[in-house]
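To start, the structure itself, in structure tokens.
The values are calculated or read from the model by the stated rules, or taken from the named source; none is laboratory data. This one's a predicted model, so the numbers in the text were calculated from it and none came from an experiment. As a convention, Cβ positions derive from the backbone with ideal geometry for all residues, glycine included, and neighbour counts pool all protein chains shown.
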Amino acid sequence: MKSFKELMNIDQMALDQEWLHQPGLFMRYASELSEASRDCDKQKEKLETVKSELMLDISKDPEKYGLQKTTQALMDATLQTMEDYQKEVQEYIDKRYEKDMLLNAVRALEQRKSALENLVKLHGQNYFSSPVSSEEHREKIQELKKNFTSDIIKERRRRRSED
């Protein structure tokens, strides 16, 4: 997979190719975003399940966790220190980060599409053509006339020799 920075590179000299690749890139990252969203939702459910199971365990046997009584605040504090819960929280944070990064990639591809549209407009307005000074312009025209005249003379000579 391309890095996000590489993803945003646009070859201005191959806008047609960039346009051909754009829909595929967008679809690929949008699909990956959907999968990451699903994985994040699954991890959130798993976290909630682990949390519920641990809270039930704490409430059934508070002494096992060093508690004299079970208040919601004590149970929450105990839960926050439990390794199983911390592991699931970290996994959820990682999944959410992955989802957010893919969301950023999809948004960046939308920006890339806009950039491509604007580059095509600029290209159509000859924005990328290099300006020619009047002297250069005159010299090119003179050279073209000379070559054209030379071609005409050569063609006439060829025809005369054929006759």
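Entry remark, the range 129-139: residues being modelled with pLDDT of 75 or more and closer than 27 Å to Gln12 by Cβ number 0 in total. Of everything listed in (1) of a type in the set (Ser, Thr, Tyr); (2) assigned to a helix (DSSP H, G or I); (3) surrounded by 12 or more Cβ atoms within 10 Å (Cβ to Cβ), the single unmet condition for Ser52 is (3). Arg107 fulfils the conditions (1) free of Cβ contacts under 8 Å to residues at least 24 places away in the same chain; (2) surrounded by 13 or more Cβ atoms within 10 Å (Cβ to Cβ) except for a single criterion, (2).
Return yes or no: is Lys140 of a type outside the set (Ser, Thr, Tyr), under 46 Å from the mean Cα position of the chain (by Cα), assigned to a helix (DSSP H, G or I) and not assigned by TED's automatic domain parsing to the domain that holds Met13? Taking the combined requirement at face value, the residue satisfies it. Of all positions in the range 12-29, none carries a residue that is more than 30 Å from Lys121 (Cβ to Cβ) and more than 19 Å from the chain's Cα centre (by Cα).
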